[in-house]
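What follows is one structure encoded as structure tokens, with my remarks underneath.
Where a number appears in this text, it was derived from the coordinates with a stated rule and is not lab data. Quick caveat: nothing in here was measured; it's all calculated off a predicted structure. So basically every Cβ, Gly included, is an ideal-geometry build from the backbone, and we count neighbours across all protein chains shown.
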Amino acid sequence: MLIVTLTTDWKDGDYNIGRLKACIISCNSNICIIDITHNIQAYNTLQAAFVLKNTYQYFPCGSIHVIGVNSEPSPNNPIVAMKNDEHFFVGANDGMLSLICDKQPDSVVELPYDDNHRGFHFAGALSNCIKAIYAGLKLEDFGKVCELRQEFTSYPACNESSIIGRVIYIDAFGNAITNIDKKTFEKIRKNRKFEISIQSNMAKITKLSQYYDDEKKGEMFAMFNSIELLELAIFNKNLAHLYGIDTKSSIIIKFIN
């Protein structure tokens, strides 16, 4: 059975979700469609890449992952299919797909499309791709080989005494995930004490927690989550709402000798 996952900014209830699923099932009735999320912020390709990068590896190899963000094709916004890490990805060639890869992808092709789907060109490009993959064809057999456009997310700025990072994702509970990874933190820390400042000293954290319920209700804390990124939260509260934190917010860690 072929698995196709959907990640879009169309919001639950949008009729385009039903249209897309109908086009996918029309390719083959044995396809299993999995909704990862339809609640990506409008046009937020960085958020879509973050979600998919941290979910796709839990699906079987050979799965097709569809990203419906900024997805209607045009000469300036071609739809491509990419094979990476034994998975297939379909979405706009706007740099988003490059954020999912930790290495050079195996192959990338621009997808042809027709107008058989009454103006819903993304569905046409996707349908052709799914049929070809299901038939066992290589991407190069039905698409035009092309370069994957590159997008670069900012890395934290580091020196011997500090790390300056930023929030890159707000989850459904208002917890703020940063671009500061555990390996970088420990490398700079060198077993020293530290002070985490949010929003230019609005709040400070001086220790790491292991579990979400380690702290008292309403108290802010920091922890390295399951993907080893520094996460800031308030137990049973919405941190982002209470402190006005978004994906532009800065995080500063100072190490104390």
**Request:** With label points built 7 Å along Cα→Cβ from the Cα atoms of SER26 and LYS103, find their separation and express it in nm.
**Result:** 3.9 nm
**Asked** Over all pairs of distinct alpha carbons, what does the Kirkwood formula give as the hydrodynamic radius of region 157-256, in Å?
**Response** 13.3 Å
**Asked** Comparing PRO60, PRO112, PRO78, which has the greatest mean-square fluctuation in the GNM of the chain with Cα pairs linked when under 10 Å apart?
**Response** PRO60
**Fill in**
Assertion target for TYR243, TYR155, TYR15, ordered by fewest C-beta neighbours within 10 angstrom first, is TYR15, TYR155, TYR243
**Prompt:** If you place +1 on the Cβ of every Lys and Arg and -1 on the Cβ of every Asp and Glu, how big does the dipole about the Cα centre of region 201-257 come out, in debye to the nearest 20?
**Reply:** 240 debye
**Asked** Given a cut-off of under 8 Å on Cα pairs at least six residues apart, what relative contact order in percent is computed for the chain?
**Response** 15 percent
**Item:** Relative packing of peptides 217-230, 91-104 - highest average C-beta neighbours within 10 Å first
**Value:** 91-104, 217-230
**Request:** About the Cα centre of the chain, how large is the charge dipole given +1 on each Lys and Arg Cβ and -1 on each Asp and Glu Cβ? Please answer in debye to the nearest 20.
**Result:** 820 debye
**Request:** For the chain, state what percent of all Cα-Cα pairs lands in each successive 5 Å bin, counting from 0 Å until the bin that includes the largest distance.
**Result:** 1, 6, 13, 16, 16, 13, 10, 9, 8, 5, 3, 1, 0, 0
**Message:** Could you tell me how far the Cα centroid of region 127-167 sits from the Cα centroid of region 209-252, in Å?
**Reply:** 28 Å
**Item:** Dipole of the chain, positive end: most advanced residue of ASN84, SER74, THR153 [Cβ charges, Cα centre]
**Value:** THR153
**Request:** Can you tell me the dipole magnitude for region 1-103 around its Cα centre, using point charges on the Cβ only (Lys, Arg +1; Asp, Glu -1), in Debye to the nearest 20?
**Result:** 120 debye
**Message:** Let's test the formula: R0 of 25 Å, r as the Cβ-Cβ distance of GLU86 and TYR155. What FRET efficiency results, to the nearest 0.05?
**Reply:** 0.40
**Item:** Calculated on alpha-carbon atoms, Rg and Dmax of region 3-145 in Å
**Value:** 13.6, 37
**Request:** Name all residues of region 226-257 having a backbone nitrogen under 17 Å from the label point set 7 Å from the Cα of LYS204 along its Cα→Cβ direction, giving them as ranges.
**Result:** 251-257
**Request:** Could you please tell me the mean projected area of the C-alpha convex hull for region 122-176, averaged over all directions and given in square nanometres to one decimal?
**Result:** 7.8 nm²
**Fill in**
Percent relative contact order for region 3-145, counting Cα pairs under 8 Å at least six residues apart, stands at 23 percent
**Prompt:** Which of the pairs LYS53/LYS248; LYS190/LYS237; LYS187/LYS237 have their Cα atoms more than 23 Å apart in this structure?
**Reply:** LYS190/LYS237; LYS187/LYS237
